[in-house]
Every structure is written in C-alpha cells, then in structure tokens.
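Take a look at the structure set out below.
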Amino acid sequence: MQITSFKQYEEDYKKSVENPEQFWGEVAQNFQWRKPWYKVLSWDFETPTIKWFEGAKLNITENCLDRHLANNGDKPAIIWEPNNPEAESVTLTYKMLHERVCRFANVLKRNGAQKGDRICIYMPMVPELAIAVLACARIGAVHSVVFGGFSAKSIADRINDAQCKLVITADGAYRGNKQIPLKDVIDDALIGCPTVAKCIVLTHVRTPVSMLKGRDVWWEDEVKHVNDVCEAEEMDAEDLLFILYTSGSTGKPKGVVHTCGGYMVYAGYTFTNVFNYQPGEVYFCTADIGWITGHSYIVYGPLSQGATSVLFEGIPTYPNASRFWDIVEKHKVNTLYTAPTAIRSLMSFGEEPLEGKDFSSIRVLGSVGEPINEEAWHWFDEKIGDKKAPIVDTWWQTETGGIMISPIATVTPTKPSFATLPLPGIQPILVDENGNEIEGNGVSGNLCIKFPWPGMLRTTYGDHERCKQTYFSTYENLYFTGDGCLRDEDGYYRITGRVDDVLNVSGHRIGTAEVENAINMHAGVIESAVVGYPHDVKGQGIFAFVISPEMHGDVELTKKDILQTVTRVIGAIAKPDKILFVSGLPKTRSGKIMRRILRKIAEGDTANLGDISTLLDPNVVQEIIESAKKS
Ligand code: WTA
C-alpha cells in the first residue's frame, strides 16, 4: 500500500475518487481482521451516519502487536527517552510491549473494567502511557486520554461527560526542571466524579501521594497479581476505540469519537505513506499522546506498521536547546515529526545548539498542528534536513483521525508552507460564505471535505446533535473543517488558519469561549472577550479584554489573579498572554461582541477598523484604543 512515485499517487488518487469502496477495501487487506466486512462504506452526511467496514471484526492491538511477533518480535517498538538526559533510555521490543500490554489489560479487568467502559488516562509521557492506551483497546474499553497540562476541573468535566469508570494516572510527571503532581490534580478532580470506582497509580517521580483506600491502587502492585496472557476482545469495526476531547468555537470541549476499524486503516495507511516509512527506521514524533497527533502517530499508526517509535518525556529546551538534536543523534532518528512552534522556539536560540550535532540519519521531516511560516520551513529544511530531507507539512485535525492534506515524502514535490495535495481518498473543496463551491485554481475559501474517509469522527460523545451542528450543518452535505484555505495555481493547498473562534496557541487548540468563561469565573470580572493575535513563537497569542471595575491591590496583581483563575479552570496552556482592562466591549445593537474590531486592536492595526457604525456605542472603540496605548 506504499506509494512510491508521483504517477502512482495520481493513479491511486483517481481510483480512490472513482471507486472509493474498492480502493479502501484493498487498503484494508493490509491489516489483520478476525472476520471480513460485508460492506466497505455506508454514509450520509445529513444525519450524519458513517460506517466503514461494516460487519468486520478485529482488535487493533492484534494489528499493533500480535501480528509483528512472529517475524519482528525482537524489533524495537518503543524507544523511551526520559526527561533527564542522564537517565537511561528504555527500549521495548514488540514482544516486550505485547507482554506488558496483556499484563496491564489483565490489571484493568481485575479492577472491574469491561468492554465498552470508558477509562480516563492522565499520565506523563512514559512507556506506561502507551501501554495503558493499548491495554484499554485490548479489552475493548474506550480510552479518553487527557493531556497532562489540563486542570482538575477540566479533567472532571471530561470524566463526567464520558462517565468514566476508571482512571489511570501517575504520582507525578517531569517536565524540564519542573515536577507536576498528577495524582494531586486527579484527587481534586475525583471529588466531583461519582462514576469513578478505581484509580490506578503508576510510580514515576515518587513524590508523596494520598492513596484512598478502596479506590486507589498502585500499578506496580497490581501487575504482580496477574499474568501476561490476555486474549484480545473481538471488536466490531464500528465499536468505539477512543474519545478525545477537543475545543470548538462554542461551549465546553467535545468528545470526538473514533471507532476501531476505519481509524486503524486510516492511521496505518497515512503513516506508512506520508512518512514513506521503511522497515528498520527510527521514527520520532515529538507530540504528546494527550493530543491526537500522539494517538495516531506515536501509538496506533507506527505500531500498526511495525515501526520503531520514539517516545520523549521532556521538552525541547531541557536541559538546553540541543535536546531534540541530541535525541536525533543518540537514536539515529530517520524521521522527525514536530510542530512549527517548537521549530520557531529552537530557531530563536541561534546556531549554537546545532553545532557539532550529527543529523546524517535524518531522511524525512514533518510538521503538524498549525501553519508553518516560510522562515521556519526554510530553517528546518536547511539546518536539520540539509536540504535533502523532504518536509511533509501535514494538515489534519482531531476529528479527521489522520493526515488529510500533505506531501507524500519522496513522492510529492514540496513548496514552503503548503500542505500541498490531498491524500488518496480525501476530497477537499473550497466554499464561499454561502456554501457555493469555489472552483479552479488561484482561489481561497473555507475548507470542506465532500466525501467520507475511514478515519473521520463518527459522533461527539453523548451528543450526536452537536456533531451534526458543528461539522455537518454549516454547509449542506459537507464536512466543515473550520479552516480557511487557499489553492494556488498548481492546485496546491495552503491552510491559512481557523475561520471560527478557535485559537491555535503553540499548536494547542483553545476555544475563545472557553477562555472567556474561565476569566468570567474570577470574582471581580463582569465580562470579557478573547481574541488571538500573531505571536512570533506560539503562532497565536491570547489577548483578553476584561471588564473588572473592582481590583484587589493593583492592576498587575489582579491580572495575576485572573491568570490563576484560568489555570485552575482550564490549565496553564490557556493563560492569556495579554490582559487589557476596559470599561466596555464593542457590541452590536443585538448584543454581539464584534471580535473583528478587537482582533484589529490586538494586532495593533487600529488604522483599519472598518465599519463601526453598527455598534451600540462606537465611543467604546476609542476608549479601548486609548487604554491599549497606555498599557
Ligand atoms: C491546525 C492537530 C496549518 C488547523 C493534528 C486545524 C494546521 C487544527 C496544520 C487542528 C497544518 C493542523 N497547517 N494548520 N499542517 N495542522 N492545523 O485538532 O487549524 O489539535 O483545524 O489537530 O490545527 O488541531 P488539532
């Protein structure tokens, strides 16, 4: 199923459009099924109902583990690089990983987990995180991984939304020179989570933790009570595999649902093709498993293809800005998949961290999560890839399950800051505000997808109507991505960023409404409005306009109180970069905040505010501009 020439890409693409069922049916033959499907696809974007490989039975872990044992059992599946560069790295072969997953799957069963149960995972980037994820899949439990940077309240909301029965966590996590007390955060979260019966705690940093009798058990103790034989649960192709919460433009984060069969096929197919993965190569994705990139391209995609996947616990700047390059050299990394924000941050340290580093193993480079600016693209290309390694700028989303628009390494001619062309099976279209297709090249519009692909979301957990409203109602019969996009003269796609109220801060998706809600929870705040503004390293920064007539202490202290509130409610990743206190917000007569104007002010572009005559009180704008100048 690997595409090796541009001609083959064109042929495969054509086939995937003309006969999608035949195309994906053939791709799916490369995976291991217990029972074949009777229908490749049935779909309807209106309800929406999407089913792939109907009737088929499988377990994704048999594809990620068991099927590699006979010939590749001793091959490294995961290479773990700890936060501390002095500590030993750990290699788990497929055989070892299989054994540990089975053992931990038995621990889950021993603690009452059954097929269909939801399990929340809140862990550091250690091998046990991948093991926990796979162990859930092994027994047919649905994992909901929550990124280690979220607050107790965010975790509680997610646990309650999915009615999780179990939580898997660790005492703490290392992040650079910091320690994060994960179990403490979980303890706070679980106060408000009546469905959680058990909490399994891994010892990692060995900081003191409270262990509640009857609820909390140690990972290390539990594994002693079980053996490592665990037959994989037989799953229907459309059974739930996982839920992953992600931010949208309104309300609380939604639980994006992915199912077993289609997701597996799509993650595996895109992994092997986009990165042109060759057997024996070492692949390093720097994302966290708490995000979709880690799910699809640290765990499921690479392991389903028998690849060697590096799992890194730390951060790019600890102990210094050479860390990524040291890892590349140490593990002879062939493919490095990272985010533009990391590249920009490392660029800012200049040439010194690169000196004397051996990049000769690098064959393919990848970028994900946000638009990559040309400067970062060229730096990556020249300094890391020595202009020899193709850069795959991969556009996709939590909802798409896998990469959608991207070069295929060694096959597709690249162009700086372009995600280039749709992968086989993906039919993008650009539409105007009214949903009319914008045809031809040299155009831009809102990016939609007009035909299903196996990795797409099936629903939002517990609220199908929300899935329909968010993705399938803006434009009739189309999946709406929320992204703006241009298609140049060559038919190449360039993603220009979100067109809705979703921010992309350091590659993290954050809803403006969520941040506003968090700010508004601060006692002194009456109202707030949040917008994004261009930020050199983060891509976008968070700018909050806040009405808060009462201050405790001075302005700076009140700002810190607000930041602390946001950290409590969402997590540190959502802290505004700038807070401006104002006496009013620009609203239309119907009470809607005109963010367009606030965005301009946040960008410092006050000369071009456009028409403000429809505002209830146009004077407010001048006032805000004055306060902005003063601060
Ligand atoms: C943005 C991350 C430009 C986009 C996999 C999308 C990108 C959102 C790219 C999804 C890219 C992701 N170029 N923008 N290569 N990749 N995005 O759900 O706005 O965390 O809608 O999934 O990130 O973010 P999410």
| query | What lysines sit close enough to K415 to cross-link, taking a C-alpha to C-alpha distance under 19 Å and skipping anything fewer than 8 places away on the same chain? | reply | K7, K383, K387, K388
| task | Give me the distance in nm between label points sitting 7 Å out from Cα along the Cα-to-Cβ direction at I625 and S444, one decimal. | result | 2.5
| request: Can you tell me the FRET efficiency between K330 and N30 if r is taken as the Cβ-Cβ distance and R0 is 25 Å, rounded to the nearest 0.05? | output: 0.20
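For D184 and D577, what is the calculated FRET efficiency with R₀ set at 22 Å and r taken between the beta-carbons, to the nearest 0.05?
Working: r = 27 Å, r/R0 = 1.22.
The calculated FRET efficiency here is 0.25.
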| message | Tell me which GluC sites (Glu not before Pro) from the range 215-257 have a DSSP coil assignment and no more than 14 other beta carbons within 10 Å of their own. | response | E231, E234
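Working out 0.36 nm times the residue gap between R67 and K109, then minus their Cα-Cα distance, what length gain in nm do you get to one decimal?
On the way: separation 42, 0.36 × 42 = 15.12 nm, distance 2.31 nm.
Extra length from R67 to K109 when fully extended: 12.8 nm.
Give me the number: length gained by fully extending N227 to S590, i.e. 0.36 nm times residue separation minus the C-alpha to C-alpha distance, one decimal in nm. Please list the in-between numbers first.
Values: separation 363, 0.36 × 363 = 130.68 nm, distance 6.43 nm.
Length gained, N227 through S590: 124.3 nm.
So how do 156-167, 384-395, 130-141 stack up, highest first, on mean other-Cβ count within 10 Å?
Values: 156-167: 21.7, 384-395: 19.6, 130-141: 26.5.
Output ranking for 156-167, 384-395, 130-141: 130-141, 156-167, 384-395.
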| query | Which order results if T317, T420, T49, T558 are arranged by neighbouring Cβ count within 10 Å, fewest first? | reply | T49, T317, T558, T420
| said: Working only with C-alpha atoms, what are the Rg and Dmax values of the range 178-307, expressed in angstrom? | reply: 18.3, 50
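If you place +1 on the Cβ of every Lys and Arg, -1 on the Cβ of every Asp and Glu, and leave all else neutral, what size is the dipole of the range 345-413 about its Cα centre, to the nearest 20 Debye? If you can, show how the numbers build up before the last one.
Details: 5 positive and 12 negative charges, 66 e Å.
Taking the Cα centre of the range 345-413 as origin, the dipole is about 320 debye.
For the chain, what is the mean residue ellipticity at 222 nm derived from helices alone (per DSSP H run of n ≥ 4: -39500 (n - 2.57); sum divided by total residues; nearest 500 deg cm²/dmol)?
Numbers: 18 runs with 173 residues, N = 631.
Result for the chain, helices only: -8000 deg cm²/dmol.
In whole Å, what three semi-axes, largest first, describe the equivalent ellipsoid of the range 218-292 built from its Cα gyration tensor (square root of 5 times each eigenvalue)? List each step's numbers first, then the result.
On the way: eigenvalues 132, 105, 58 Å².
Ellipsoid half-lengths, sorted descending, are 26, 23, 17 Å.
May I ask you to order 326-332, 406-412, 357-363 by the average number of other C-beta atoms within 10 Å around their residues, highest value first?
Numbers: 326-332: 17.4, 406-412: 22.7, 357-363: 15.7.
Going from most to least packed, we get 406-412, 326-332, 357-363.
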| query | One-quarter of the Cα convex hull surface for the range 554-594, in nm²? | reply | 3.9
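Rounding to the nearest 20 debye, state how big the charge dipole of the range 1-74 is about its Cα centre with +1 on each Lys and Arg Cβ and -1 on each Asp and Glu Cβ.
Here the size comes out at about 220 debye.
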| message | Please give me, ordered by residue number, the GluC sites (Glu not before Pro) of the range 343-433 that lie in loop per DSSP and have at most 11 other Cβ atoms within 10 Å. | response | E351, E355, E433
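Rounded if a/c is under 1.5, else prolate if a/b is larger than b/c, else oblate: which is the range 96-205, with a ≥ b ≥ c the root eigenvalues of its Cα gyration tensor? Write out the running numbers ahead of the final one.
Details: a/c = 2.01, a/b = 1.13, b/c = 1.77.
Oblate, since a/c reaches 1.5 and b/c is not below a/b.
Ranked highest first by the average count of other Cβ atoms within 10 Å around their residues, in what order do 268-280, 583-595 fall? Walk me through the numbers before you get to the answer.
On the way: 268-280: 22.8, 583-595: 15.2.
Per-residue mean Cβ counts within 10 Å order the peptides as 268-280, 583-595.
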| message | Taking the Cα of E527, stepping 7 Å toward and past its beta carbon, and measuring to each backbone N in the range 592-626: which are under 11 Å? | response | 592-594, 616-617
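Taking the convex hull of the Cα atoms, report for the range 506-630 its projected area averaged over all directions, in nm². All intermediate terms of the calculation are to be shown ahead of the outcome.
Values: hull surface 30.6 nm².
Orientation-averaged projected area of the Cα hull: 7.7 nm².
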| task | Report Rg (one decimal) and Dmax (nearest whole number) for the chain, counting Cα atoms only, units Å. | result | 24.1, 74
| field | Cysteines without a disulfide-compatible partner [the chain; Cβ-Cβ under 4.7 Å] | value | C64, C136, C193, C199, C260, C285, C448, C467, C485
| Residues listed by number, the range 464-480, amide nitrogen under 20 Å from K39 label point at 7 Å toward C-beta | 477-478
| request: First check a/c for the range 341-479, with a ≥ b ≥ c the square roots of the eigenvalues of its C-alpha gyration tensor; if it is under 1.5, answer rounded, and if not, answer prolate when a/b is larger than b/c or oblate otherwise. | output: prolate
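Please compute the length gained on full extension between V537 and L212, using 0.36 nm multiplied by the number of residues separating them and subtracting their Cα-Cα distance.
On the way: separation 325, 0.36 × 325 = 117.00 nm, distance 4.21 nm.
Going from the current span to full extension adds 112.8 nm.
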| note | With a Förster distance of 41 angstrom and the Cβ-Cβ distance between K468 and E10, calculated FRET efficiency to the nearest 0.05 equals 0.75
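Read-outs throughout are calculated quantities, based only on the coordinates presented, and are distinct from any laboratory measurement. Treat the numbers as computed from the prediction; the structure is a model and nothing was measured. Reconstructed Cβ throughout: ideal geometry from the backbone, glycine too, with neighbour counts over all protein chains shown.
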